[in-house]
Amino acid sequence: MKLGLNLGYWGAGNDAENLVLAQEADQLGYSVVWAAEAYGSDAATVLTWIAAQTDRIDVGSAVFQIPGRTPANTAMTAATLDTLSGGRFRLGLGVSGPQVSEGWHGVRFDKPLQRTREYVAIVRKALARERVAFEGEFFTLPLPDGPGKALTLTVHPAREHIPIYIAAIGPKNLELTGEIADGWLAIFYAPEFAGELLASISAGRSAAGLTMDGFDVVPTVPVVIGDDLGACADQVRPYCALYIGGMGSRDRNFYNQLASRMGYEEAAQAIQDAYLAKDYAGAAGAVPMEFIDRTALIGPRERIRDRLAAYADSGVTTLTIATYAGTLDDRIATVRTMAEALDESGLGS
């Protein structure tokens, strides 16, 4: 099992600190650092900045929003980032959600699975430097009634194959991820519930004539180190409440649905009710301690170290951490401690 670092969204006032964390992870031998985007900073610019100031660590998008770029534009960006970084770029993709897709990008949130399938197919064709011609339900290249012609990417990526990851939650999306991607970007990953999720991934791999060998399972796991378990959990509660309660509409919140499938349906409903009523403290307080403990690494160093075995045994290949410590010194200490804990556990690769 390898380690990754998720910096989340840029522009929250801690940009310089995030660069320090990325550089620390680079020196400690972390495998990858990820950056996200929603409707603020874009991940491509952030990753370019980080790649220019690190040496070995891969830089990955977690995620580029599919409705925010044409597939050809994404291929151009991926090829450019891979070239500039010396072959260190990983392309993470996600469909976003109905509110951002339709409200920010002006793209209908229709048939996200089919859109993802076509999108990845075009990106792969472009990155392979094939002449890009495609006829699908959502994408047609070139347009049939104009002067456009099928073109070939002029940039040569540093590698023949840039790995593609998909952020997936639902069973059908997980199957698709296993079928067409090189890795899965997971959220609220609980080793105790992973069997059901990875069964869907495996089914997709089988449909494509593939096995799980070489497939990268990459959950982002919040980490808070401390002696007081409850106090550590409290640092993660607002994050859980935001996603389970406030991401998407009442009827279309994929994170809420995931929590329900994991057995927390009553709590998920209470969190959403409170959050949509703008009772954010109440929503955070409604997150079950068991849910936090299963989907985050909290508590004393030794407890976290021993918990790593559950992730490795469940099939995780790259454990990406998101530090929720307060100060920069504490965040650096978390990044260092996780590297030490993985080494002590004997699970590192």
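What shape does the range 159-287 have by the C-alpha gyration tensor, where a ≥ b ≥ c are the square roots of the eigenvalues, rounded means a/c under 1.5, and otherwise prolate means a/b greater than b/c and oblate the rest? Display every interim value, and only then the final one.
On the way: a/c = 2.43, a/b = 1.80, b/c = 1.35.
Judged from the Cα gyration tensor, the range 159-287 comes out prolate (a/c at least 1.5, a/b above b/c).
If you wrap the range 231-349 in the convex hull of its Cα atoms and look at it from every side, the mean projected area works out to 8.0 nm².
Bridges between two residues of the chain, per DSSP, are antiparallel at a rate of about 10%.
Kindly provide the helix-only [θ] at 222 nm of the chain, computed as the sum of -39,500 (n - 2.57) over DSSP H runs of four or more divided by all residues, to the nearest 500 deg cm²/dmol? Intermediate values should be presented prior to the final figure.
Values: 14 runs with 159 residues, N = 349.
After summing the helix terms and dividing by the residues of the chain, the value is -14000 deg cm²/dmol.
Each listed q (0.16, 0.18, 0.19 Å⁻¹) maps to a log10 I(q)/I(0) for the range 82-148, found by the Debye formula over equal Cα scatterers with no solvent: -0.74, -0.88, -0.94.
With the convex hull of the Cα atoms taken as the outline of the chain, the averaged projected area works out to 17.0 nm².
Looking at the range 106-163, the trypsin sites (Lys or Arg not before Pro) that sit in a DSSP loop and have at most 16 other Cβ atoms within 10 Å of their own Cβ are Arg108, Arg129, Arg131, Lys149, Arg159.
Suppose we look only past 12 Å in the calculated P(r) of the range 186-227. What percent of the Cα-Cα pairs does that tail hold? Don't skip to the answer; put the middle values down first.
Details: 578 of 861 pairs.
Result: 67 percent of Cα pairs exceed 12 Å.
How are the C-alpha pair distances of the range 80-229 spread across 5 Å bins, as whole percents from the shortest bin up? Spelled out per bin, shortest first, that is 2, 8, 14, 17, 18, 17, 12, 6, 3, 1, 1, 0, 0, 0. Using the Cβ-Cβ distance between Asp110 and Ala277 with R0 set to 25 Å, the FRET efficiency works out to roughly 0.25. In the range 1-46 the Cα-Cα distances spread across 10 Å bins starting at 0 as 28, 53, 18, 1 percent of all pairs.
Taking the Cβ of Pro112 as the center, what net charge do the other residues with Cβ under 14 Å away carry, scoring Lys and Arg +1 and Asp and Glu -1? After counting each charged neighbour, the total is +1. Apply 1/(1 + (r/R0)^6) to the Cβ-Cβ distance of Arg301 and Ala38, taking R0 = 45 Å, and write down the FRET efficiency to the nearest 0.05. The formula returns an efficiency of 0.90 here. Please compute the Kirkwood hydrodynamic radius of the range 46-128 from all pairs of different C-alpha atoms, in Å with one decimal. Averaging 1/r across every pair of different Cα atoms and inverting gives 13.4 Å.
The slack between Arg124 and Ser206, meaning 0.36 nm per residue of separation minus the straight C-alpha distance, is 27.5 nm. Based on alpha-carbon atoms, the Kirkwood radius and the radius of gyration of the range 229-296 give Rg/Rh equal to 0.93.
Read-outs: derived from the displayed coordinates by stated rules, not from any lab. What you are looking at is a predicted structure, and each value in this text was computed from that prediction instead of being measured. Every residue, glycine among them, receives a Cβ derived from its backbone with ideal geometry; neighbour counts consider all protein chains shown.
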